[in-house]
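Would you mind keeping the following structure in view while I ask a few things?
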């Protein structure tokens, strides 16, 4: 039979685990995509990730925790992340020549350094991001 203290300790441990899990998979901070904001980041020479994303996309959902984990690492702290909504920002999708949601495109300043479509492998996404820094 659990004592009151043991029950409290287990409850606290469960809350801490739940909180840590939520923090581990928090969305990376996105900069609102506008052509002007994107150009400003390019001309500042920033490493950039453009995420062509759809809220209904299961691959995008699978990419989210991977990107969150990678973008929290020190080597990617300067990366500017723009999320382009596949459904509502069709002009931007077209300007990036993206055919599908779940497209990740990296830039180093004004130079595109890589892109992937539908990738949910941490190692290859990390390599893609690394090309921009």
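Quick check on segment 27-45: of everything there that is outside any helix (DSSP H, G or I), surrounded by 13 or more Cβ atoms within 10 Å (Cβ to Cβ) and in contact with a helix residue (DSSP H, G or I) (Cβ under 9 Å, 6 or more places away or on another chain), which residue is modelled with the lowest pLDDT?
Here the answer is 28.
Any residue that is in contact with a helix residue (DSSP H, G or I) (Cβ under 6 Å, 6 or more places away or on another chain) and in a loop (DSSP other than H, G, I, E, B) - is there at least one of those in segment 56-66? Before the answer, list the steps.
First, the residues of segment 56-66 that are in contact with a helix residue (DSSP H, G or I) (Cβ under 6 Å, 6 or more places away or on another chain): 66.
Right, trim to in a loop (DSSP other than H, G, I, E, B) and you get none.
No, the conditions are met nowhere in segment 56-66.
Which residues, taken from segment 35-68, are within 12 Å of the chain's Cα centre (by Cα) and free of Cβ contacts under 8 Å to residues at least 60 places away in the same chain?
Just the residues of segment 35-68 that are within 12 Å of the chain's Cα centre (by Cα), to begin with: 48-53, 60-68.
Hits for segment 35-68 are 50, 51, 52, 53, 60, 61, 62, 64, 65, 66, 67, 68.
Another question, then. I'm trying to understand the selection: among the residues of segment 69-87, which are free of Cβ contacts under 8 Å to residues at least 40 places away in the same chain, closer than 19 Å to residue 122 by Cβ and not in a loop (DSSP other than H, G, I, E, B)?
From segment 69-87, those free of Cβ contacts under 8 Å to residues at least 40 places away in the same chain are 73-74, 77, 85-87; that's our starting set.
Okay, now just the ones that are also closer than 19 Å to residue 122 by Cβ, so 73-74, 77.
74 - this is the single residue of segment 69-87 that is free of Cβ contacts under 8 Å to residues at least 40 places away in the same chain, closer than 19 Å to residue 122 by Cβ and not in a loop (DSSP other than H, G, I, E, B).
Output the residues belonging to segment 46-68 that are more than 15 Å from residue 122 (Cβ to Cβ) and buried (at least 20 other Cβ atoms within 10 Å of the Cβ).
Of everything in segment 46-68, those that are more than 15 Å from residue 122 (Cβ to Cβ) and buried (at least 20 other Cβ atoms within 10 Å of the Cβ) turn out to be 47, 48, 50, 51, 52, 53, 60.
The values are calculated or read from the model by the stated rules, or taken from the named source; none is laboratory data. Keep in mind it's a predicted model, so treat the numbers as computed, not measured. Counting neighbours? That spans all protein chains shown, and the Cβs are built from the backbone with ideal geometry, glycine included.
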